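The values are calculated or read from the model by the stated rules, or taken from the named source; none is laboratory data. As the structure is a computational prediction, the values presented were derived from the model and not from experiment. Positions of Cβ are backbone-derived with ideal geometry, glycine not excepted, and every protein chain shown enters the neighbour counts.
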Amino acid sequence: MPAARDIGPRDLLSPPNRRIPDQFFGHDRVRDKVRDGVYVSLSIIRKKIQKEYPGRIVDVQLLIAQREGLRDLFDVKVLTDEGKLLSIKVDAQSAKIVDVKG
């Protein structure tokens, strides 16, 4: 068994050799882009989707465009009242629904 050692506040604030994964900063990026007017707010997107596709939103992910000329999309998963899972792609800047699968 390894020897016990004291843990100080420094150990809790910055664990050695650990990096915070980028996905944890995604919420901050989205919030900043909504605040700056680049993205439409998720509440507007949610209302639009629920109006056209009744059901429960079970997941939302931001898909960042990897090539010039493409737009960022939100991939919204909706579980319909009939039990069908839809994947709805929504333009992050205009809230236009661009694709529905499922």
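Things worth noting here:
- Among the strands (runs of 3 or more DSSP E) confined to segment 25-102, the ones with at least 1 residues that are hydroxyl-bearing (Ser, Thr, Tyr) are located at 73-80, 85-91.
- Within segment 47-86, tally of residues that are over 16 Å from Val30 (Cβ atoms) and surrounded by 14 or more Cβ atoms within 10 Å (Cβ to Cβ): 9
- Residue list for segment 81-97, filter: farther than 15 Å from Gln61 by Cβ and among the aliphatic types (A, V, I, L, M): Ala95, Ile97
- When segment 20-46 is filtered for residues that are surrounded by fewer than 12 Cβ atoms within 10 Å (Cβ to Cβ) and at pLDDT 55 or above, the ones remaining, listed by number, are Phe25, His27, Asp28, Asp32, Arg35, Asp36, Gly37, Ser43.
- Candidates Arg56, Arg67, Arg71 - the one that is of a type outside the set (Gly, Ala, Ser) and out of contact with any strand residue (DSSP E or B) (no Cβ under 9 Å at 6 or more places or on another chain): Arg67
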